[in-house]
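The values are calculated or read from the model by the stated rules, or taken from the named source; none is laboratory data. Values in this document were obtained by computation on a predicted structure and should not be read as measured data. Here the Cβ positions follow ideal geometry from the backbone for every residue, glycine too, while neighbour counts run over all protein chains shown.
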Amino acid sequence: MTRVLVPIAEGSEELEAVTMIDLFRRAEFDVTVAGLAAGPVRASRDTVLVPDAHLEELADQSFDLIALPGGLPGAKRLGDSELLAGLLRRQYDEGRWIAAICAAPQVLARHGLLTGRKATSFPGALDDFDGIERIDEPVVVDGHILTSRGPGTAMDFALELIERCAGREVRDRVEQGLQRPAAHRRR
């Protein structure tokens, strides 16, 4: 079973977080939502999310995928976490999937994980970082790193990750259950 970590912080974008969590669980992934602090998290639009765990409890665990939601100031708070930086570095070094959407590609860039790579983000989110080839596409994959633009691309982001981690058949099953119009489905 695919193990997924979705870290969240005060100010994370709830549409992105909940979309990926929901779709990953529809794909029957083992999803752990982890807060940077213990207790409920108030997201960017005042939705209260209740994490499964505190990130500190997961420091020695391995995941097939770490997926970061964007939102401000949530992405900045994720980027400030030394514990998360260490988990991302280990994930990167071991060639396992890392994904970030909206402002969260800043977290990867800040820790040098996007240097020399193609990436996308919310417009302007990567402007302060050099050495990244910015691609104006909804979802960009470079090696084992997947980035996406923002709330409007959250479903495409999650579905692409499902396909990369579990295959096209699982993606198709999840997508069919969503009743997505054929025009939106990947061909």
Residues within the range 12-32 that are surrounded by 20 or more Cβ atoms within 10 Å (Cβ to Cβ) and either acidic (Asp, Glu) or more than 15 Å from ALA158 (Cα to Cα) (or both), tallied
4
Go through the range 138-170 and report how many residues are surrounded by 15 or more Cβ atoms within 10 Å (Cβ to Cβ) and farther than 27 Å from PRO123 by Cβ.
3
Would you check if there is a residue in the range 128-137 being touching a strand residue (DSSP E or B) at 6+ places or on another chain (Cβ under 6 Å) and either of a type in the set (A, V, I, L, M, F, W, C) or under 18 Å from ILE21 (Cα atoms) (or both)?
yes
When the range 54-100 is checked residue by residue, the ones that are crowded, with 19+ Cβ neighbours inside 10 Å and in a loop (DSSP other than H, G, I, E, B) are PHE63, PRO69, GLY70, GLY71
Does the range 1-38 hold any residues that are at pLDDT below 95 and under 20 Å from LEU83 (Cβ atoms), and which are they?
ALA37, ALA38
Just one of (1) free of Cβ contacts under 8 Å to residues at least 60 places away in the same chain; (2) in contact with a helix residue (DSSP H, G or I) (Cβ under 7 Å, 6 or more places away or on another chain); (3) of a type in the set (A, V, I, L, M) trips up ILE135, so point out which.
(2)
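So, in the range 46-58, exactly how many residues are without any contact (Cβ under 8 Å) to a residue 40 or more places away in the chain and under 18 Å from the mean Cα position of the chain (by Cα)?
Residues flagged as without any contact (Cβ under 8 Å) to a residue 40 or more places away in the chain and under 18 Å from the mean Cα position of the chain (by Cα) within the range 46-58 amount to 4.
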Just to be sure before I move on: is GLY112 of a type outside the set (A, V, I, L, M), over 21 Å from LEU55 (Cβ atoms) and either at pLDDT 95 or above or under 11 Å from the mean Cα position of the chain (by Cα) (or both) in the structure I sent?
no
Residues in the range 33-53 that are outside any loop (DSSP other than H, G, I, E, B), crowded, with 21+ Cβ neighbours inside 10 Å and not β-branched (Val, Ile, Thr): how many?
2
